[in-house]
Amino acid sequence: MNQLLEVNDLVTSFRTAEGKLSAVRGVSFSVDKGETLCIVGESGCGKSITTLSVMGLLPSNGEISRGSIQFSGEELTTKNEEELRKLRGNEISMIFQEPMTALNPVFTIGYQLREPLMIHKRLSKREATQKAITLLDQVGIPHPVSKLKQFPHELSGGMRQRVMIAMALACNPSLLIADEPTTALDVTIQAQILDLIDDLKADLGMGVVMVTHDMGVVAEVADRVMVMYAGEVVEVGTVTEIFEAPKHPYTRGLLASVPNIDDPDHSMEAIPGSLPNLSEEIQGCRFHPRCPFAMDKCMEMEPPLFELSSEHQSKCWLQEVKHYDKQSATSS
Amino acid sequence: MASGVISPANTSVKQPKKERMLFQTFKRLCKNKLAVFGMIVIAFQILLAIFAPWIAQYDPVVQNLSKAQLGPGAEGHFLGTDNYGRDMFARLVYGARISLIVGITSVTLGLLGGLFLGLISGYYRKLDGVIMRFVDLLFAFPGILLAMLIIAMLGTSLVNVVIAISIWSIPTCARIVRGSVLSVKKQEYVVAMKSLGASDLRIIMKHILPNCTAPIIVFATMRMATAILSTAALSFLGLGAQPPTPEWGAMIAAGQDFMWTAPHMTVIPGIAIMLVVFAFNVVGDGLRDALDPNMELDT
C-alpha cells in the first residue's frame, strides 16, 4: 500500500496570555490509501488540532512549531497559503462535527455544492449543477434536483451532513478528514453516515482520518486506531489489536468506560480525574496522575513508544519488561 | 449504500426563495403600524422628489416681491410664500429632492467606506488594531463638529456636506460591520469554506457579507434620518446649501427672522424635516425587528 499522509513529530502550539502552550506534542502517524485511521481521545486531547494542522486551518494564534506533514510526498508545512488553498477541498477535504452550522444559511444547497467545483475544477454553472446532482445522488439524498433549490434550514441534520460530505467529495479528494462527523446526529443516522463514508472510501480509494471519541464508531469504521492523550500519541495499533489487546492503561480505561451490550457483567468504569491543563507541566508520563498502574518510574521519566508488533505501539513503561524480553529473545 | 433512507417530505417551493424571504420581511414589517406610517411618508417623499417639476406649479427660486410673505392658502399659494414671494410648496417639494439625494449619496458613500474598513478589520485580525484606532480617532470628534471641520477645510457647498456626512458615517458603520463579521467569522461554515479551498476574498464577499446584511440595512435606514437631519442643521448654520437653493434647513434659517410675521416660513420646513426623520427612524426600528433571525423561525 502506498502512503498518502505522513505526519512526523508534529508540535502545534498556541500563543496565549499564559504564554506559548503546546496542544499537540510530537505526534507521528501515517495514513495509507484506502485506509481509515481513527484518532480517539477525550475532548481537548489535541485530536482536532492535529487534523486542523494537517489542513493548515489553525486559528490565528496557533502555529506548527516543529515536525513535518507529508502529503503524497509533498511537504505541507512549508507551503504558502495559496498553495495550501489549492490543495484544500481538492486533494484534502474535511467534514465537520456540526452539520447544523457548517452550511451557510443564506445560500441554497445547490449554490454551496457548486462552489468547490467552480473554485477548483473551473466548471461552468451548468456543468457544476449536473455534477452537484450526481453528488447528491451519490451520498444517498432522494430527489436531488429539488434539493438543490432548498436552504440548509429546510433539511434534517442527517441530510445536511450528507450535503457536507457531498461538498467535501466534490473534487474527488484523496484524503478525507472527518472531525467527529456523527457526534451531532442521532444513532440511526450515525450508522448510515458511517456506512456512507465507508462505501465512498472504497469507491473512491480515499484515505480517511476520522476523529472521534466514540469507541463504537471506531469499532465500526477503523482499520487502524491512534489513541491520543494530552497532545501525545499513547497507543497505535490495528483495530483488532486495540480492542482485543489494549496495552496502554488509558486505552483500557477508554474501552472500559463504554457500555458493553454483549457482556452483561461488564461494569462501566470511568477514568478518574480529568485531562491536565495545557499549561501544566507533568514530569514523566503525562498520564501517571490518573493511571491506576503508575509506578515510581512513571513519575520520573517519560516513556518512549514501545514496539509491540509491526503495527502496535504503546507509550507506557508497563511494556518495558516485555519489550526487553522480546528483544533479548531475538538477539540471543 | 444508504438505501433505507427515509426521505423527508419533499418540500420544494415553486417561488424563488430570495423573493420569498424579502416578501416575508416586508410582511412582518407591515405588521408594525408605525413602520407602515413611516414607509408611507418615505414613499410620499420619494414621489415628491421624482415628480417635483410636475407637482410644483411655481419655480422654487423665482422671486415675486409683490407677493412676499403670503400666508398658507392665499392667492393660489397652497402653503403661502416666503419673504421673496417664492412659493413655499414648490420650495418644499424641491427640498424633498435635495434632502433625499443628499441622504442617499452620503449614506451610500459612508456605507462603502464603513463596509471596506469593517470587513477588513473584522476578518484580518492583524489590521484590526490599526483600523479600529483610526475609527476611534474619528469617534473622538463630536459628529457635527467633525462635519463643520471638514466643511471649513473644503468650503461651504452641498457636495461638501455630503462628503462631511459620509465621513462622519464611516466609523459607526465600520464598527457595526466589524461586529457582525467577528460573529459570522466564528461560524463553522466559514471554516468549512476554507477547508474547501475558498479564497479570502470569496469568503468575505460571498459568505460573510450576505450574513451581515441585516444590521447594515437597519443602520443605513437609521442613518438616512441622521443624514437628512444633519444636512438641514448644517444648512441652517449656513455651511451647506446656499441661497437660493430650496433646502429645508436653509429655509428655516431664512424664516427665523420672520418668526412673528410669517411663522409658516419656519414651521412648514420644520414639520417636513421632523416627519421625514421620524419616518426613517421608525422604519429602521421596524426593520430591526423584522430582520431579527429569532423571529424568522416562527414564520
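The values are calculated or read from the model by the stated rules, or taken from the named source; none is laboratory data. Note that the coordinates shown come from a computational prediction; the quantities given were computed from them, not determined experimentally. Note: ideal-geometry Cβ built from the backbone for every residue, glycine included; neighbour counts use all protein chains shown.
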(request) Test A:Ala184 against the stated conditions and say whether it is within 14 Å of another protein chain (Cβ to nearest Cβ) and at pLDDT below 80. (result) yes
(request) Can you tell me which residue among B:Thr172, B:Thr156 is away from every other protein chain (no Cβ under 14 Å) and in a loop (DSSP other than H, G, I, E, B)? (result) B:Thr156
(message) Which of the numbered conditions does B:Pro210 fail, given that it passes all the others? Conditions: (1) in a helix (DSSP H, G or I); (2) touching a Gly at 6+ places or on another chain (Cβ under 8 Å); (3) not aliphatic (A, V, I, L, M).
(response) (2)
(request) Run A:Pro181 past the list (1) touching a residue at least 24 places away in the same chain (Cβ under 8 Å); (2) not in a loop (DSSP other than H, G, I, E, B) and report the number of the one that doesn't hold. (result) (2)
(message) Residues to consider are A:Gly26, A:Gly41, A:Gly46; find the one that is surrounded by fewer than 17 Cβ atoms within 10 Å (Cβ to Cβ) and either in contact with a strand residue (DSSP E or B) (Cβ under 9 Å, 6 or more places away or on another chain) or in the same structural domain as A:Val217 (by TED's automatic domain parsing) (or both).
(response) A:Gly26
(request) Could you please find all residues in the stretch B:58-91 being assigned to a helix (DSSP H, G or I), in contact with a helix residue (DSSP H, G or I) (Cβ under 8 Å, 6 or more places away or on another chain) and free of Cβ contacts under 8 Å to residues at least 40 places away in the same chain? (result) B:Lys67, B:Glu75
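A quick yes/no check of all residues on (1) within 30 Å of A:Gln112 (Cα to Cα); (2) more than 14 Å from chain A (Cβ to nearest Cβ); (3) crowded, with 21+ Cβ neighbours inside 10 Å:
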| residue | (1), (2), (3) |
| --- | --- |
| B:Val177 | yes, yes, yes |
| B:Met193 | yes, no, yes |
| B:Ala232 | no, yes, yes |
| B:Leu239 | no, yes, yes |
| B:Gln242 | no, yes, no |
| B:Ile252 | no, yes, yes |
(request) With the checklist (1) within 14 Å of chain B (Cβ to nearest Cβ); (2) out of contact with any Ser or Thr (no Cβ under 8 Å at 6 or more places or on another chain); (3) surrounded by 15 or more Cβ atoms within 10 Å (Cβ to Cβ) in hand, flag the one item A:Glu35 doesn't pass. (result) (1)
(request) Scan the stretch A:5-23 for residues that are under 25 Å from A:Ala168 (Cβ atoms) and modelled with pLDDT of 90 or more and jot them down. (result) A:Leu5, A:Glu6, A:Val7, A:Leu10, A:Thr12
(request) Collect the residues in the stretch B:29-67 that are surrounded by 13 or more Cβ atoms within 10 Å (Cβ to Cβ), at pLDDT below 85 and either farther than 30 Å from B:Pro244 by Cα or aliphatic (A, V, I, L, M) (or both), keeping them in residue-number order. (result) B:Ala56, B:Val61
(request) Please specify each residue of the stretch A:187-208 satisfying the condition of being touching a residue at least 60 places away in the same chain (Cβ under 8 Å) and either away from every other protein chain (no Cβ under 13 Å) or of a type in the set (Phe, Trp, Tyr) (or both). (result) A:Gly205, A:Met206, A:Gly207, A:Val208
(request) Would you point out the residue of the stretch A:130-140, among those that are within 11 Å of chain B (Cβ to nearest Cβ) and assigned to a helix (DSSP H, G or I), that is surrounded by the most Cβ atoms within 10 Å (Cβ to Cβ)? (result) A:Gln138
(request) From the list A:Ser22, A:Ser93, pick out the single residue that is small (Gly, Ala, Ser) and over 18 Å from the mean Cα position of the chain (by Cα). (result) A:Ser22
(message) Conditions first: (1) under 14 Å from B:Gln45 (Cβ atoms); (2) outside any helix (DSSP H, G or I); (3) not hydrophobic (A, V, I, L, M, F, W, C). B:Gly240 passes all but one, so which condition is the exception?
(response) (1)
(message) Condition first: among the β-branched types (Val, Ile, Thr) and facing chain B (nearest Cβ under 10 Å). Can you find one or more residues in the stretch A:141-161 that meet it?
(response) yes
(request) Mind checking which helices (runs of 4 or more DSSP H) fall wholly inside the stretch A:204-306 and carry at least 1 residues that are more than 18 Å from the chain's Cα centre (by Cα) and farther than 27 Å from A:Ile177 by Cα? (result) A:249-256, A:296-300
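Here is a yes/no grid of residues against (1) of a type in the set (Gly, Ala, Ser); (2) under 27 Å from B:Leu287 (Cβ atoms):
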{"position": "B:Met39", "(1), (2)": "no, yes"}
{"position": "B:Phe44", "(1), (2)": "no, yes"}
{"position": "B:Gln57", "(1), (2)": "no, no"}
{"position": "B:Pro60", "(1), (2)": "no, no"}
{"position": "B:Gln69", "(1), (2)": "no, no"}
{"position": "B:Gly73", "(1), (2)": "yes, no"}
(request) Among the candidates A:Val234, A:Val211, A:Val217, single out the residue that is buried (at least 19 other Cβ atoms within 10 Å of the Cβ) and within 14 Å of chain B (Cβ to nearest Cβ). (result) A:Val211
(message) Would you confirm, using the coordinates I've provided, whether B:Gly110 is in a helix (DSSP H, G or I), more than 14 Å from chain A (Cβ to nearest Cβ) and either within 28 Å of A:Arg88 (Cβ to Cβ) or at pLDDT 90 or above (or both)?
(response) yes
(request) Only residues that are modelled with pLDDT under 85 and more than 7 Å from chain B (Cβ to nearest Cβ): list them for the stretch A:82-104, please. (result) A:Gln97, A:Pro99, A:Met100
